[in-house]
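Novice: This structure is in structure tokens; I'll ask about it shortly.
The values are calculated or read from the model by the stated rules, or taken from the named source; none is laboratory data. On a predicted model such as this, the values are computed, not experimentally measured, just so you know. Don't worry about glycine lacking a Cβ; one is built from the backbone with ideal geometry, like all the others, and counts go over all protein chains shown. Ligands, DNA and RNA are excluded from the accessible area calculation, which covers all protein heavy atoms including side chains. Shrake-Rupley method; radii C 1.70, N 1.55, O 1.52, S 1.80 Å.
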Amino acid sequence: MDRLMMDTRFAMRSLAKRPTLTAAVVLTLALGIGANAAVFGVVDALVLHPYDMHDVDRIVMPVTTSPRFVGRRETVSAADFLDWRRDLEGGSIDHLAATAWWDANLVGRDEPERVLGFLVSPPFFDALDAHAAIGRAFLPEEELPANAKRVVLSDGLWRRRFGADPAIVGQTILIDGAQWLVTGVMPPAFGFPMRSELWAPLAFGDEARRNRTAHDYTVVGRLAPGRSIDDAQAQMTAIAQRLSREHPDTNARLGVAVYTLSRGMSDVGLPPILALWQAAGVFVLLIACANIANLLLARAAEREREIAIRLALGSSRGRIVRESLVESVLLVAASLPLSLVVASASLRLMHGLMPGRLVRFIAGWDRLGLDARMVATTMACGAVAAIVFGTVPAVQMARGVVSEALKSDGRTGAGPGRQRVRRALVVAEIALALPLLVAAMLSISTVTRYLTGWQGYEPNNVLTMRVVLPPSRYPDAESRARFAALALDHLAEVPRARDAAAGNVVPAIDSNAVRSIEIAGQPIAEPANAPRVDYRTVSARYFDVLRMPILSGRAFTPSDQNISEPVAVVSASMARKFWPSGTAIGERVRLATGPWMRVVGVCGDVIHDWFDGRNVPTLYRPLTQAPSDSLVFTLRSDGDPLALVGEARAALARVDPQQPVFDIAPMRQVLGEKTIGLQYIAGVMAAFAGLALLLALLGLYAVMTFLVTQRVHEFGVRMALGATAHDVTRLTLSQAGRLTAIGIAIGLLLAVALGRGMEAGLLGIVSSDIRATAALAVGLAAAAIGASYLPARRAASVDPIVALRTE
């Protein structure tokens, strides 16, 4: 310990003598380690620990598996769930509960509001080990439809809408036009799933209990004491096999997988994105370590005679290595506080840029920030970095030949072995920087394509507004059609609104509708695997308001009423898929249940979702023939669509003052929020690429400067023998060019591999461009030569007389 303390004091004095070098190393380390710590913070919050619940690893999520359900959580049918619950009684999973979306219209004590809620089986709260702060949760008998008008409030809703009145428990409130009894209020920390503010009992009617085709439910449960997830998987597999034999028409190709809650609720697109970020962070850290190793090698060259004298006087090589590693550890220790600052600032920036409307869909996003796990990871990352960048200089210092170092007059510079190491590090920096630049380019070009490219519609100057009609007030198709017609009439009168339309789904919003269909003359071999398309029911002016082109046939007209022939418009992709050899116009199609519809038009494709809904076959029906209880109104304006908000809300209030209007936003903003994941990918990759480029160029500049300094005597001799300044400049730049060329060649191989990995990991939303990759390689090479130009100029300006006198 005495020797270690002595080495520590010596290292501190040594670093203090070179404040510029020490500051450069500490800053470089802080950026590299901080970037990796920030990425780990995202991985930890969103993937590893997204839920802050008691014994969360015991909470499981059984899902129905099928090729049709990739990336979905709502995969369980009501009948299958009830069979699971019956067969699991006393088995490996306790408190099995189903959940379903239930956004509700809350009326009273304030203006109408659309509130996010969920329908849940009564054991739901027991499965999550959650208990009401006031009142109670649900009783088993409240699962019956006759007893299901019960509701539990979140703490936030209780305070916002009811003034934190404890007497609200036992009272009734107006939801969706009906009276619901409040049974309890949950604690402030509870908001599962997705910041839910209301929970009501999930009651299955007789028809739902027999339904095995509608896969609409998410299921959670808790592992029974002494049981593992493998036990649960084995039991659920046996149940699925039995259901497959008993119900071959619906369950023949269905299986069951049991996940932990964190894994089951994770976004299917998140792991490849975070893996890409983590890989980029590692690349940046490696470049930083290479930079620091080069700086320390240059410093070791300055101390070569000192080290040789110490070795000649009896100091051990192990002592030299230990001193060098102690210096590395001190540099890392000095950088850790700044690394945490960089990580914390990065996470705060990422958190602040996320639109508030989307935060509820990202479990763990609100928990981004410093915690004990992140501090420990930062320290571990620093320890690895110390080993990576400290080992090479330490070994090089200890390997020096004493006799050669003592005879050196300082004019020949470092030995060829050490110069090879420095050059290899520069090559590595350039080779690692290029794939990061390519990844950033691919991400940015993808974002640009989805944000500013042709979407299949025109999102500018369009305002979107959503309503959901409660069945108690709008129980049938006639009442829903009447509301839509009156609303469109009133919206058409809004000043500065050029046109208005409505549909159950519009492009880029955070919901979708999919239906099974049947094509006339194309019989379905397996009803359970009937073809599925996106389903839209829209008003007559829908295509005009969104400026969606009609490629053939016609759009809907006011004459397409409920009493006239059922008609449909299909997208170009649907026409190509189901009528590849002819025209779709005049053909007939129908939903799984319903009347046959005649295709009267083919419209252009639209990009609904950049991730998994691009140019999907889509079927459009007239809103007058298929009224929907969920409507998105679109208003095209002559200017800023937000200027229409006040009068548009008033227009809908004149139709029904108890109907809440929500998700009011310009369509351009909706599109931006829909692509926020891509924007984050591009932003993070651009930051990593910029940092990598800066470090690589600084590393090349530092190495070339050092090499020029070491070769001053040589340049003096050359110029004394007749070499010109141009010759010396060309010699120096050619050396930099060789290093750059080797780095670019290796980097191109890495860039191609990374590009293909991004294409596969991001499900085809990114496409490689060899021309852009080549352009980046040329640009990086030019930047590298530019970084070498100043050292080359310095070499060319050497005075031969001064250089020859240098000792």
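Novice: Cβ-Cβ distance below 7 Å, separation of 6 or more or different chains: which pairs start in the range 677-688 with a residue that is more than 17 Å from Gly352 (Cα to Cα) and open to solvent by 20 Å² or more (accessible area, probe 1.4 Å) and end on one that is at pLDDT 85 or above and of a type in the set (A, V, I, L, M)?
Specialist: Listed pairs, sorted by first residue: Ala686/Ala440; Ala686/Ile444.
Novice: So, Arg738, is that one of a type in the set (Lys, Arg), open to solvent by 40 Å² or more (accessible area, probe 1.4 Å) and modelled with pLDDT of 85 or more or not? Quick ask: steps written out before the conclusion?
Specialist: Working: of a type in the set (Lys, Arg): yes; open to solvent by 40 Å² or more (accessible area, probe 1.4 Å): yes; modelled with pLDDT of 85 or more: yes.
Yes, satisfied.
Novice: Among (1) more than 22 Å from Leu425 (Cα to Cα); (2) in contact with a Leu (Cβ under 8 Å, 6 or more places away or on another chain); (3) surrounded by 15 or more Cβ atoms within 10 Å (Cβ to Cβ), there is one condition Gly747 misses while meeting the rest; what is its number?
Specialist: (1)
Novice: Now for a separate question. Taking only pairs six or more apart or across chains, which ones have beta-carbon atoms under 6 Å, a first residue in the range 586-613 that is closer than 20 Å to Arg68 by Cβ and open to solvent by 60 Å² or more (accessible area, probe 1.4 Å), and a second residue that is modelled with pLDDT under 95 and among the hydroxyl-bearing types (Ser, Thr, Tyr)?
Specialist: Ala592/Ser516
Novice: Right, something else. Could you tell me whether the range 29-48 includes any residue that is of a type in the set (D, E, K, R) and either more than 21 Å from Leu270 (Cβ to Cβ) or without any contact (Cβ under 8 Å) to a residue 24 or more places away in the chain (or both)?
Specialist: Step one: filter the range 29-48 for residues of a type in the set (D, E, K, R), giving 44.
Cutting the leftovers down to either more than 21 Å from Leu270 (Cβ to Cβ) or without any contact (Cβ under 8 Å) to a residue 24 or more places away in the chain (or both) gives us none.
Checked the range 29-48: no residue is of a type in the set (D, E, K, R) and either more than 21 Å from Leu270 (Cβ to Cβ) or without any contact (Cβ under 8 Å) to a residue 24 or more places away in the chain (or both).
Novice: Quick check: is even one residue across the range 475-483 part of a loop (DSSP other than H, G, I, E, B), open to solvent by 10 Å² or more (accessible area, probe 1.4 Å), more than 16 Å from Arg536 (Cα to Cα) and free of Cβ contacts under 8 Å to residues at least 24 places away in the same chain?
Specialist: yes
Novice: Sticking with this one: In this structure, does Arg13 turn out to be closer than 24 Å to Leu330 by Cβ and surrounded by fewer than 17 Cβ atoms within 10 Å (Cβ to Cβ)? Walk me through it before giving the result.
Specialist: Numbers: closer than 24 Å to Leu330 by Cβ: yes; surrounded by fewer than 17 Cβ atoms within 10 Å (Cβ to Cβ): yes.
Judged against the criteria, Arg13 is a match.
Novice: Being open to solvent by 30 Å² or more (accessible area, probe 1.4 Å) and at pLDDT 70 or above is the filter here; which residues of the range 382-407 pass it?
Specialist: Once the filter is applied, which keeps residues that are open to solvent by 30 Å² or more (accessible area, probe 1.4 Å) and at pLDDT 70 or above, the range 382-407 yields Ala383, Val384, Ile387, Val388, Thr391, Val392, Val395.
Novice: While we're here: Just name the residue that is surrounded by the most Cβ atoms within 10 Å (Cβ to Cβ) out of those in the range 102-122 that are part of a loop (DSSP other than H, G, I, E, B) and touching a residue at least 60 places away in the same chain (Cβ under 8 Å). Break it down stepwise before answering.
Specialist: First, pick out the residues of the range 102-122 that are part of a loop (DSSP other than H, G, I, E, B): 102-103, 108-112, 116, 121-122.
Still in the running and touching a residue at least 60 places away in the same chain (Cβ under 8 Å): 102-103, 108, 111-112, 116, 121-122.
Details: Trp102: 19, Asp103: 18, Gly108: 14, Glu111: 13, Pro112: 19, Leu116: 19, Ser121: 29, Pro122: 18.
By that ranking, first place goes to Ser121.
Novice: Which condition number in (1) at pLDDT 85 or above; (2) assigned to a loop (DSSP other than H, G, I, E, B) is the one that Ala433 fails?
Specialist: (2)
Novice: Suppose we keep only residues that are of a type in the set (Gly, Ala, Ser) and in a helix (DSSP H, G or I) within the range 714-735. Which one would you say is surrounded by the most Cβ atoms within 10 Å (Cβ to Cβ)?
Specialist: To start, the set of residues in the range 714-735 that are of a type in the set (Gly, Ala, Ser) comprises 716, 720, 722-723, 725, 734.
Cutting the leftovers down to in a helix (DSSP H, G or I) gives us 716, 720, 725, 734.
On the way: Gly716: 22, Ala720: 12, Ala725: 15, Ser734: 12.
This residue is Gly716.
Novice: Is the range 781-800 home to any residue that is charged (D, E, K, R), exposed (fewer than 15 other Cβ atoms within 10 Å of the Cβ), modelled with pLDDT under 80 and over 28 Å from Pro271 (Cβ atoms)?
Specialist: Just the residues of the range 781-800 that are charged (D, E, K, R), to begin with: 793-794, 799.
Pick out the ones that are also exposed (fewer than 15 other Cβ atoms within 10 Å of the Cβ) and you get 799.
Narrowing further to those that are modelled with pLDDT under 80: 799.
Right, trim to over 28 Å from Pro271 (Cβ atoms) and you get 799.
Looking for residues that are charged (D, E, K, R), exposed (fewer than 15 other Cβ atoms within 10 Å of the Cβ), modelled with pLDDT under 80 and over 28 Å from Pro271 (Cβ atoms), one finds at least one in the range 781-800, hence yes.
Novice: Still on this structure, please answer the following. Against the condition under 25 Å from Tyr474 (Cα atoms), basic (Lys, Arg) and touching a residue at least 60 places away in the same chain (Cβ under 8 Å), how does Arg621 come out, does it pass? Explain how you work it out, then say what you get.
Specialist: Working: under 25 Å from Tyr474 (Cα atoms): yes; basic (Lys, Arg): yes; touching a residue at least 60 places away in the same chain (Cβ under 8 Å): yes.
Criteria met by Arg621.
Novice: Do we find a residue being modelled with pLDDT under 90 and over 29 Å from Ala530 (Cβ atoms) anywhere in the range 194-209?
Specialist: yes
Novice: Checking Ala376 against (1) in a helix (DSSP H, G or I); (2) modelled with pLDDT under 90: exactly one of these is not met. Which one?
Specialist: Just one mismatch for Ala376, condition (2).
Novice: Filter the range 521-552 down to the residues that are modelled with pLDDT of 90 or more and small (Gly, Ala, Ser) and list them by number.
Specialist: If the condition is that a residue be modelled with pLDDT of 90 or more and small (Gly, Ala, Ser), then Ser539, Ala540, Ser552 are the ones that fit.
Novice: Same structure again: If I filter the range 132-181 down to residues being without any contact (Cβ under 8 Å) to a residue 12 or more places away in the chain and in a loop (DSSP other than H, G, I, E, B), which single residue comes out as farthest from the chain's Cα centre (by Cα)? Can you show your working first?
Specialist: Keep residues of the range 132-181 that are without any contact (Cβ under 8 Å) to a residue 12 or more places away in the chain, which gives 141, 146, 159-160, 163-165, 167, 171-172.
Next, from what is left, pick out any that are in a loop (DSSP other than H, G, I, E, B): 163-165, 171.
Numbers: Gly163: 36, Ala164: 36, Asp165: 39, Gln171: 42 Å.
So, considering only residues that are without any contact (Cβ under 8 Å) to a residue 12 or more places away in the chain and in a loop (DSSP other than H, G, I, E, B), the one farthest from the chain's Cα centre (by Cα) is Gln171.
Novice: I need the full set of residues from the range 514-530 which are farther than 19 Å from Ser581 by Cα and open to solvent by 70 Å² or more (accessible area, probe 1.4 Å), in order please.
Specialist: Matches in the range 514-530: Arg515, Ala525, Glu526, Pro527.
Novice: Condition test on Ser573, is it in a loop (DSSP other than H, G, I, E, B) and of a type in the set (Gly, Ala, Ser)?
Specialist: No: the conditions fail for Ser573.
Novice: Return the only residue of Gly646, Gly716 being more than 30 Å from Ala38 (Cβ to Cβ) and free of Cβ contacts under 8 Å to residues at least 12 places away in the same chain. Let's see the steps before the verdict.
Specialist: On the way: Gly716 fails: free of Cβ contacts under 8 Å to residues at least 12 places away in the same chain.
It is Gly646.
Novice: Quick check on my filter: what residues within the range 215-243 are open to solvent by 30 Å² or more (accessible area, probe 1.4 Å) and either assigned to a helix (DSSP H, G or I) or within 21 Å of Ser516 (Cβ to Cβ) (or both)?
Specialist: Scanning the range 215-243 gives Asp216, Tyr217, Ile229, Asp230, Asp231, Gln233, Ala234, Gln235, Thr237, Ala238, Gln241, Arg242.
Novice: Okay, moving on. Would you be able to say whether some residue in the range 263-283 is touching a strand residue (DSSP E or B) at 6+ places or on another chain (Cβ under 6 Å) and either in contact (Cβ under 8 Å) with a residue 12 or more places away in the chain or open to solvent by 50 Å² or more (accessible area, probe 1.4 Å) (or both)?
Specialist: Going residue by residue through the range 263-283, those that are touching a strand residue (DSSP E or B) at 6+ places or on another chain (Cβ under 6 Å) are 264.
Now drop any that are not either in contact (Cβ under 8 Å) with a residue 12 or more places away in the chain or open to solvent by 50 Å² or more (accessible area, probe 1.4 Å) (or both), which leaves 264.
Scanning the range 263-283 turns up at least one residue that is touching a strand residue (DSSP E or B) at 6+ places or on another chain (Cβ under 6 Å) and either in contact (Cβ under 8 Å) with a residue 12 or more places away in the chain or open to solvent by 50 Å² or more (accessible area, probe 1.4 Å) (or both).
Novice: Continuing with this model, one more query. Can you tell me which residue within the range 707-729, out of those that are at pLDDT 75 or above and of a type in the set (S, T, N, Q), is farthest from Tyr789 (Cα to Cα)?
Specialist: The residue in question is Thr724.
Novice: Which count do you get for residues in the range 70-81 that are surrounded by 17 or more Cβ atoms within 10 Å (Cβ to Cβ) and outside any strand (DSSP E or B)? Please lay out each step first, then the result.
Specialist: Going through the range 70-81, the residues surrounded by 17 or more Cβ atoms within 10 Å (Cβ to Cβ) turn out to be 73-81.
Next cut, outside any strand (DSSP E or B) only: 73-75, 78-81.
Residues that pass the stated criteria total 7.
Novice: Another question, if that's okay. Could you please find all residues in the range 497-513 being open to solvent by 30 Å² or more (accessible area, probe 1.4 Å), at pLDDT below 90 and not hydroxyl-bearing (Ser, Thr, Tyr)? Show your work before the answer.
Specialist: We begin by selecting, within the range 497-513, every residue open to solvent by 30 Å² or more (accessible area, probe 1.4 Å); these are 498-499, 510-512.
So of that shortlist, the ones also at pLDDT below 90 come out as 510-512.
Hits for the range 497-513 are Asp510, Asn512.
Novice: Consider only pairs whose beta carbons are under 8 Å apart and that are at least six residues apart or on different chains; among these, list those whose first residue lies in the range 649-666 and is in contact (Cβ under 8 Å) with a residue 60 or more places away in the chain and whose second residue is hydroxyl-bearing (Ser, Thr, Tyr).
Specialist: Note: pairs meeting the criteria are Asp663/Thr464; Ile664/Thr464; Ala665/Thr464; Pro666/Thr464.
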